[in-house]
Amino acid sequence: MTTQQAIDRWTMVLDEILIPMTPTIRLMQQAERFPSPRQAPGAIKAATDALLSAWVTDPPPAGTSLHEALEPAVTAARELKPNDDRLAPIHSYFDLLQTVRSQIQALNTDADITVDEVLLDMKLELKLSVLVSRLGHRGIMSLIDQRRQDYSRSFSKDADLPDYLDLDTMNPTNEVSATTLSFSAILAMADPGILTFDELMIGDDQADKALTLKRFAGQWIVSFYTEWEDLFRKQLAGIHGCSVNDINSQFIQELGRMRNDFGHGRGICKKSANNRLLKWFEKGEPIIPTHENYRQLFEELENACVALRVAPTSRDVPIQRQPVRAKVAPDLNSEFDRAAAAVPDLTADEALTEALRNWIDRNATE
């Protein structure tokens with residue numbers, strides 16, 4: 001019982017050791033000791049660090065088949081002594097790593113998985129998605145900074161810089177092709193602009209908040225929400241023995257509103273203005289999270305995972321709302337939309353439900 005994502009992660013951890021070191025270990029198959037005792041500490045560190053570090057930071061949940069398969073390798077890694085220059089323990093350890101790798105590759109992902117396994121995968125997926133997106137922002141800002149530095153240096157050298165970046169080779173070029181993008185377009189579309197004197201002297205924490213940052217936010221929001229709908233939500237429903245529609249989270253729902261704003265609103269806040277937890281933007285603002293927003297994102301992720309560990313009860317299952325079979329005058333409909341939108345933290349569905357409930361209560365007969 002484990003997930004394919006966890007198997008893939010731990011296979012990578014073991015390969016981090018096996019692929020670079022196995023050829024060298026095989027060359028010393030007939031030797032009894034390292035050529036020099038001073039080689040032993042470094043070799044043992046290289047042979048164990050990746051495994052022990054991953055086991056400390058992101059271990060598979062106790063009691064799972066993945067945990068049971070990996071535990072002997074972890075124990076063996078901890079028993080290797082840096083001051084022991086004998087090769088026999090190293091050879092036995094590498095044989096064990098190969099065996100463990102084969103065992104985890106053969107684990108049955110169709111068997112029952114645990115809620116802790118799914119939630120660990122979910123946390124890592126969101127964090128990695130955010131990491132990739134934020135590094136993308138740093139990458140393009142680094143490209144822009146380098147271009148400006150090269151431009152300044154070109155004054156003294158009386159030399160012109162290439163006008164284009166080749167997106168195939170990622171090198172500057174003067175040759176125009178289907179794969180080139182001009183540096184002038186990059187600066188105009190991605191650079192937040194030159195700092196003013198006041199921003200330079202006083203500081204401006206929004207100085208790098210170019211509109212292109214919407215693209216990076218959209219990447220992780222859309223990617224993670226898709227993984228939720230297509231994978232994690234279904235896995236949790238199977239674990240808790242309920243329907244997929246019964247698995248809900250306000251945290252995920254609010255990310256879904258942001259996803260909707262990217263899919264149908266070009267990354268401009270509309271539906272996500274109704275968020276209560278992740279209330280980051282007002283209607284009409286571009287969805288560009290701040291450092292504080294990201295801190296809150298991960299804190300709310302932890303809270304959401306705590307709630308999702310527990311099977312939903314009848315109180316947790318949302319009401320499947322239905323359209324009202326009635327029509328009203330256009331001016332009344334417009335007045336309702338304006339009134340509902342003016343109330344903070346209130347959706348139109350909730351406003352209509354309250355209005356209908358009040359009308360029914362006033363007109364109900366015994």
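At 25 °C and 0.890 mPa s, what whole-number value in µm²/s does Stokes-Einstein give for the translational diffusion of the chain, with Rh from the Kirkwood sum over Cα pairs? Present the calculation step by step, with values, prior to reporting the outcome.
Values: Rh = 25.9 Å.
Here the translational diffusion coefficient equals 95 µm²/s.
Please work out the average accessible area per residue across the chain, using the 1.4 Å probe convention, and give it in Å².
62 Å²
Along the charge dipole of the chain, Cβ charges K/R +1 and D/E -1, which of Val328, Pro23, Ile140 sits furthest on the positive end?
The listed residue farthest towards the positive side: Val328.
Where does the chain land at 222 nm, in deg cm²/dmol rounded to the nearest 500, when only DSSP H runs of n ≥ 4 count, each adding -39500 (n - 2.57), divided by all residues?
On the way: 13 runs with 219 residues, N = 366.
Rounded to the nearest 500, it is -20000 deg cm²/dmol.
To the nearest 10 degrees, how steep is helix 39-57 against the longest Cα principal axis of the chain, on a 0 to 90 scale?
Between helix and principal axis, roughly 20 degrees.
Lysines within cross-link reach of Lys270: Cα-Cα under 27 Å, excluding same-chain residues under 8 positions apart?
Filter leaves Lys123, Lys127, Lys209, Lys214, Lys279, Lys283, Lys327.
Considering only Asn293, Asn275, Ala73, whose Cα is most displaced toward the positive end of the charge dipole of the chain, charges sitting on Cβ of Lys, Arg (+1) and Asp, Glu (-1)?
Of the listed residues, the answer is Ala73.
With θ taken as phi - 60° and the coefficients 6.51, -1.76 and 1.60, list the Karplus ³J(HN,Hα) couplings across the stretch 78-83 in order, rounded to whole Hz; mark glycine and proline as x.
Couplings: 6, 7, 5, 9, x, 8 Hz.
What's the Cα-based Rg to Rh of the stretch 26-126, Rh via Kirkwood? Mind showing how you got there, number by number?
Details: Rg = 16.3 Å, Rh = 15.3 Å.
A ratio of 1.06.
Ignoring ligands, DNA and RNA, what percent of the accessible area of the chain is carbon or sulfur (1.4 Å)? All intermediate terms of the calculation are to be shown ahead of the outcome.
On the way: 11950 of 22700 Å².
Exposed carbon and sulfur together represent 53 percent of the surface.
Stretch Asn358-Lys327 to full length: gain in nm at 0.36 nm per residue minus the Cα-Cα span?
Result for the pair: 9.3 nm of gain on full extension.
For labels at Asn293 and Ser182 in the simple 7 Å Cα→Cβ model, what's the distance in nm?
Rounded to a tenth, the inter-label distance reads 3.1 nm.
Below 12 Å, Cα to Cα, which aspartates and glutamates can Lys271 reach? Residues fewer than 8 away in the same chain don't count.
Cross-link targets: Glu254, Asp261, Glu282, Glu285, Asp345.
Please state the charge dipole magnitude for the stretch 18-151, taken about the Cα centre, from unit charges on C-beta atoms (+1 on K and R, -1 on D and E), reported in debye and rounded to the nearest 20. Don't jump to the answer; show the numbers that get you there.
Values: 14 positive and 17 negative charges, 161 e Å.
Its charge dipole is roughly 780 debye.
How would Glu117, Glu32, Glu125 rank on accessible area, largest to smallest, probe 1.4 Å?
Working: Glu117 10, Glu32 145, Glu125 50 Å².
In descending accessible area the options line up as Glu32, Glu125, Glu117.
Taking amide hydrogens as modeled 1.01 Å from N in the peptide plane, which residues meet the under 5 Å criterion relative to Tyr164, leaving out close sequence neighbours?
Close amide H contacts, sequence-distant or interchain: Thr173, Phe183.
The values are calculated or read from the model by the stated rules, or taken from the named source; none is laboratory data. None of these values were measured; they are calculated from a predicted model. Note: ideal-geometry Cβ built from the backbone for every residue, glycine included; neighbour counts use all protein chains shown. Side chains are part of the model used for accessible areas, which takes the heavy atoms of the whole protein and leaves out ligands, DNA and RNA. Shrake-Rupley method; radii C 1.70, N 1.55, O 1.52, S 1.80 Å.
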